[in-house]
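The values are calculated or read from the model by the stated rules, or taken from the named source; none is laboratory data. These numbers come from a predicted model, not from an experiment. Note that each Cβ is placed from the backbone with ideal geometry, even for glycine, and that neighbours are counted across all protein chains shown.
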Amino acid sequence: MSGRKKWAELREEALAHPEAQEAYEATRIRFELGRAVRERREALGMTQAQLAEAAGLQQPAVARFEAGGTMPTLPLLERFASALGMRLSVGFEPLDRAS
């Protein structure tokens with residue numbers, strides 16, 4: 001055996017630190033929000049430029065958001081929802097049901 005740790009073991013050790021858990025959670029949220037917007041935009045056949053125009057943004061801002069590069073405000077999420085023909089719904093769910 002080489003004594004090397006598997007990725008899952010390294011990840012588990014890193015996430016044992018509270019600061020790492022917080023950073024991971026923030027990243028997960030940004031990624032999931034970006035993915036949801038991208039999937040809806042693509043389902044509607046819209047380009048990033050078209051979504052940007054409909055939401056009053058620049059195309060690079062949409063690209064950054066979809067890539068999980070920014071943590072949005074609620075007003076920004078409302079702009080995306082409106083531009084995508086949706087209603088923003090924010091809620092809480094128990095951790096044992098969260099994905």
Leading residue by the ranking (farthest from R41 (Cα to Cα)) among those in the range 72-98 that are in a loop (DSSP other than H, G, I, E, B) and out of contact with any helix residue (DSSP H, G or I) (no Cβ under 8 Å at 6 or more places or on another chain): P94
Cross-chain or 6+ apart pairs with Cβ under 9 Å, the range 14-43 first and in a helix (DSSP H, G or I), then among the polar types (S, T, N, Q) and modelled with pLDDT of 95 or more: R38/Q48; R41/T47; R41/Q48; R41/Q50
Residues of the range 51-71 satisfying the condition of being closer than 12 Å to V37 by Cα and not in a helix (DSSP H, G or I): A67, G68
Count of the range 1-24 residues which are loosely packed, with under 11 Cβ neighbours inside 10 Å and under 20 Å from the mean Cα position of the chain (by Cα): 2
From the options L33, L51, L74, L44, residue that is touching a Lys or Arg at 6+ places or on another chain (Cβ under 8 Å), closer than 25 Å to S89 by Cα and modelled with pLDDT of 90 or more: L51
In the range 44-81, the residues that are free of Cβ contacts under 8 Å to residues at least 24 places away in the same chain, of a type in the set (D, E, K, R) and more than 23 Å from A23 (Cα to Cα): E53, E78
The range 44-99: number of residues that are surrounded by 14 or more Cβ atoms within 10 Å (Cβ to Cβ), in contact with an Asp or Glu (Cβ under 9 Å, 6 or more places away or on another chain) and not hydrophobic (A, V, I, L, M, F, W, C): 3
